[in-house]
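Asks: The following block contains the structure, expressed as structure tokens.
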Amino acid sequence: MEADSTGGNMGDKADVEMSENPFEPYIESLRQQLEDQDPIFLIGVIVAFAVVVITCVFLKYFLTSKTVRSAVLLVGLCDSGKTLLFSRLLAGKFKRTQTSITDSSAPYKAKNDRGSTWTLIDLPGHDSLRSQYLEKFKSAARAIVFVVDSAIFQKEVRDVAEFLYILLTDNVISRNAPVLVVACNKQDITMAKSAKLIQQQLEKEMNTLRVTHSAALSSQDGSVGGSVYLGKKGKDFEFGQLPLKVEFLECSARGSKGEEGDADIESLEKSLAKL
């Protein structure tokens, strides 16, 4: 009886050991196979695994950043026609507007075969508000539509250039490099300036602004106070020097036929369709 009891205890002990580590035979077999392998082969496997992990991490970061920047910002000075342009792009209808004191946003479906949809955001143009709202939305910008009143551009050229200068020397915008579309609006008015002339005058004005701001630039790479150097050092400023794509185009949110007609914004819609 005592022998049976002893035998039973030993059997129970063996069962406990097996239950504690049921994978031990498999682990031992895997260890033996690894020891038998060529070290060069093992290094190759480890390197391949590391490449796969790094690729997955990169793709996740890349796809996430693309998803986040899905906004199209409408910016510009007061009365440049941003809000009417916002309405025309979304609904195609004329709508009487007033100076915005807050942002407005809505889904915008681009006119392309991909069926791309962006969030169109109209930002206030008043100088006391625009920086605040730009700060809020700039990280999400896939594109920025800078609306200019072509009819009174000559009077506003300095203010337009100053706002555009602040926009383009922003660290976040420079890093993300959203598409910049300068929409020369109100082309239905006889005295409206052409997109080419507006681009040329803005380049001259921003070159002057860059000189006046140069005293504040102290670091070797040209950055100071949260801004970046505009264009190339030693050369007159041109929009082609920027790290982002810039397009000047002409449009009219009101349209040549007035309130009852359609807007002349085909060039802008084509530009947004390429995003």
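Asks: Take the conditions modelled with pLDDT of 95 or more, within 18 Å of Gly81 (Cα to Cα) and not acidic (Asp, Glu) and apply them to Ala177. Does it pass?
Replies: no
Asks: Could you grab me the full set of residues in the stretch 108-164 that are open to solvent by 40 Å² or more (accessible area, probe 1.4 Å), in contact with a helix residue (DSSP H, G or I) (Cβ under 7 Å, 6 or more places away or on another chain) and not in a helix (DSSP H, G or I)?
Replies: Lys111
Asks: Here is a list: Ser80, Ser100. Which entry is among the polar types (S, T, N, Q), open to solvent by less than 80 Å² (accessible area, probe 1.4 Å), modelled with pLDDT under 95 and not in a strand (DSSP E or B)? Steps first, answer last, please.
Replies: Values: Ser80 fails: modelled with pLDDT under 95.
None of the other options fit; the residue is Ser100.
Asks: Ok, one more. Looking at this structure, is Leu85 modelled with pLDDT of 95 or more, over 12 Å from Gly125 (Cβ atoms) and not in a strand (DSSP E or B)?
Replies: The answer is no for Leu85.
Asks: Something else: Take the residues in the stretch 111-133 that are aliphatic (A, V, I, L, M) and at pLDDT 95 or above; name whichever of them is farthest from Gly76 (Cα to Cα).
Replies: Going through the qualifying residues, I end up with Leu120.
Asks: Under 22 Å from Val172 (Cα atoms), in contact with a Gly (Cβ under 6 Å, 6 or more places away or on another chain) and not basic (Lys, Arg): does that describe Leu73?
Replies: no
Asks: Follow-up. Of all residues being modelled with pLDDT under 95 and loosely packed, with under 13 Cβ neighbours inside 10 Å in the stretch 238-256, which is farthest from Leu89 (Cα to Cα)? Just the residue, please.
Replies: Per the stated criteria, the residue is Pro243.
Asks: Just to be sure before I move on: is Arg175 within 21 Å of the chain's Cα centre (by Cα) and outside any strand (DSSP E or B) in the structure I sent? Give the steps one after another, and end with the answer.
Replies: On the way: within 21 Å of the chain's Cα centre (by Cα): yes; outside any strand (DSSP E or B): yes.
For Arg175, the condition - within 21 Å of the chain's Cα centre (by Cα) and outside any strand (DSSP E or B) - is met.
Asks: Against the condition open to solvent by 50 Å² or more (accessible area, probe 1.4 Å), at pLDDT below 95 and part of a loop (DSSP other than H, G, I, E, B), how does Gly234 come out, does it pass?
Replies: Criteria met by Gly234.
The values are calculated or read from the model by the stated rules, or taken from the named source; none is laboratory data. All figures in this text were calculated on a predicted structure; none of them were measured in a lab. Here the Cβ is made from the backbone with ideal geometry for all residues, glycine too, and neighbour counts use every protein chain on show. Accessible surface areas use protein heavy atoms only, side chains included; no ligands, DNA or RNA. Shrake-Rupley method; radii C 1.70, N 1.55, O 1.52, S 1.80 Å.
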